[in-house]
1. Measure off 7 Å from each Cα along the Cα-to-Cβ vector at V267 and L42, then give the distance between these two points in nanometres to one decimal.
2. Carbon and sulfur together cover what percent of the accessible area of the range 62-217 at a 1.4 Å probe radius?
3. Enter the accessible area of Y54 (Å², nearest 10), with the probe set to 1.4 Å and all protein chains included.
4. If I stretch the segment between W348 and R51 completely, what's the gain in nm (0.36 nm per residue apart, minus their alpha carbon distance), one decimal?
5. Please work out the FRET efficiency for the pair T189 and K462, using the Cβ-Cβ distance as r and a Förster radius of 45 Å; give the result to the nearest 0.05.
6. What FRET efficiency would be calculated for the residue pair D277, D335, taking the C-beta separation as r and a Förster radius of 60 Å, to the nearest 0.05?
7. What pairs from K225/K419; K19/K409; K14/K224; K19/K415; K48/K376; K19/K225 go past 22 Å between their alpha carbons?
8. Computed from these coordinates, which is semi-axes √(5λ) of the Cα gyration tensor in Å: (1) 33, 30, 23; (2) 37, 25, 22; (3) 51, 34, 23?
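The values are calculated or read from the model by the stated rules, or taken from the named source; none is laboratory data. Everything numeric here is computed off the predicted structure, so don't read it as measured data. Using ideal geometry, Cβ is built from the backbone for each residue, glycine included, and neighbour counts are taken over all protein chains shown. The protein model used for the area step is the full one, side chains on, heavy atoms only, and it has no ligands, DNA or RNA in it. Shrake-Rupley method; radii C 1.70, N 1.55, O 1.52, S 1.80 Å.
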Amino acid sequence: MTGEVKAQTPLIAKIASDKVLCYISMALLAALPVVELFTEILKSTKLKAFRTWYPSFHQPYVVGIFGIILTLFVILSFIGRSAAGKFRFYVADVFYFTLMAFMLISMFCSQNFGVFSEGQKYYMEHPTHFLCYYGLFYAGSMIEDTKLRRNVLATYVIVAIIQGIVAFLQTRGIEISYCLFEADRPGYTATYGLLQNTNFYGTLSCVLTAATSGLFIMSSKIFKKKALKWAIFALAILMFYTMIASMARLAWLGLGAMILMYIISFVIMRKGAIDNDSLRQIIIDFITLIIGFIVVIILNIILEPSITDKLEQTSEDVAEITETGNVNIGNGRGDIWRAALSSVPRHWATGIGLDNLTAAFREQPGWQKGMYVQAKGHCEYIHTLATQGVFALVNYVALLLYATVSTVKGIVHEKNDIKRSFLWIFFGVFVAYISQALVSSSVMNVAPYFWLILGLVTPRIKPISFKK
């Protein structure tokens with residue numbers, strides 16, 4: 001919050017300050033696993049009062065409620081900024097409104113108005129969920145204070161501890177309740193954490209692995225105590241192990257992109273604002289982490305078949321594409337993508353409807369009741385294109401590009417070690433998520449962890465000038 005707002009409208013400034021937005025966002029991220037943990041524990045008691053509950057019963061409501069809360073605070077934030085007398089409009093504000101506009105247009109122009117992902121509460125993305133995503137994006141863009149950014153990372157660490165422990169126990173066959181998506185589970189000990197789906201956990205564990213890995217890589221600039229540094233290292237290794245155990249190849253793609261990002265950035269930063277000794281220590285910690293990952297992979301190959309099984313499946317997918325030209329990797333993604341893209345010529349402007357991809361299957365020639373449909377595009381970009389239209393996809397990609405360019409410039413030129421380190425970590429998480437999104441779907445109990453990061457890498461550096 002700017003000084004002018006604090007001076008002239010202190011009450012509104014305090015109500016909708018960056019600190020308040022930060023704590024609301026942190027509360028949501030922490031609440032998702034905690035609420036699910038209690039839901040599963042109470043469900044497993046088999047008491048009559050909880051017999052109608054099922055895993056992931058409350059998470060959609062939590063995200064929806066926070067969506068409404070965040071939207072109210074965003075409105076208060078705009079009022080507070082306007083009341084100062086000199087309103088400053090930033091690129092992040094533009095994207096907040098365009099994201100909201102395309103979401104609403106798609107919802108009202110839907111081919112099946114009021115229905116989202118066939119009404120599956122634990123799978124669908126309701127309009128209030130999108131309000132939550134965009135509210136988190138706005139909140140993230142407002143959080144510039146270093147202490148607040150540290151608190152955000154601490155929240156990711158807490159979530160990683162909770163999810164990591166639960167997922168590790170699942171690799172030993174110990175479960176609190178049962179897996180809601182058991183039919184889609186690739187193995188009895190495949191991890192799903194507190195998300196009920198191994199692919200969902202693959203995405204979240206990729207995000208949390210990227211966050212904890214970044215903290216360890218930048219530990220020489222962030223932590224004063226060696227014990228804390230190595231505790232974060234252990235957590236990063238735990239998250240990496242449970243990520244591998246999810247058997248979700250999409251997570252490999254995301255983490256591989258993050259590792260590549262760090263390697264490229266080390267080359268670029270040789271001419272950046274960081275001194276050589278600091279860069280050398282960061283590279284040493286990066287190599288240490290990679291060695292840890294390699295040890296986990298070797299032990300996994302020796303003791304468990306998950307990696308080798310998935311490598312064989314990947315080889316078979318590539319062979320099929322080469323021989324037949326049929327892109328149908330990863331449990332029918334090719335068929336899903338073809339159905340989604342087939343609807344674009346008819347609904348290119350507004351999409352077929354917000355989170356309403358199943359309508360694209362029903363519009364295909366020869367489709368009959370009872371035939372296969374899928375509510376998610378298994379590629380966030382194709383899903384956005386099909387459900388919200390061309391303009392929405394262009395807007396989203398433009399946001400990602402703007403965030404990328406702005407963050408790279410910030411990392412290269414930032415002279416403050418702590419600020420640079422945090423920005424570097426957030427960018428690693430950002431790269432990991434948008435890369436795995438090429439073959440995964442946005443879901444309500446994972447997406448919030450990305451949208452806050454997206455806001456954190458979308459800086460409010462220079463206001464937009466409307467003067468000619």
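1. Using points 7 Å along Cα→Cβ, the separation is 5.4 nm.
2. Of the solvent-accessible surface of the range 62-217, carbon and sulfur hold 67 percent.
3. 60
4. This chain segment gains 102.5 nm when fully extended.
5. Values: r = 51 Å, r/R0 = 1.13.
In this case the efficiency is close to 0.30.
6. 0.65
7. Working: K225/K419 19 Å; K19/K409 25 Å; K14/K224 32 Å; K19/K415 24 Å; K48/K376 34 Å; K19/K225 26 Å.
Pairs exceeding the cut-off: K19/K409; K14/K224; K19/K415; K48/K376; K19/K225.
8. Computing semi-axes √(5λ) of the Cα gyration tensor in Å and matching it to (1) 33, 30, 23; (2) 37, 25, 22; (3) 51, 34, 23 gives (1).
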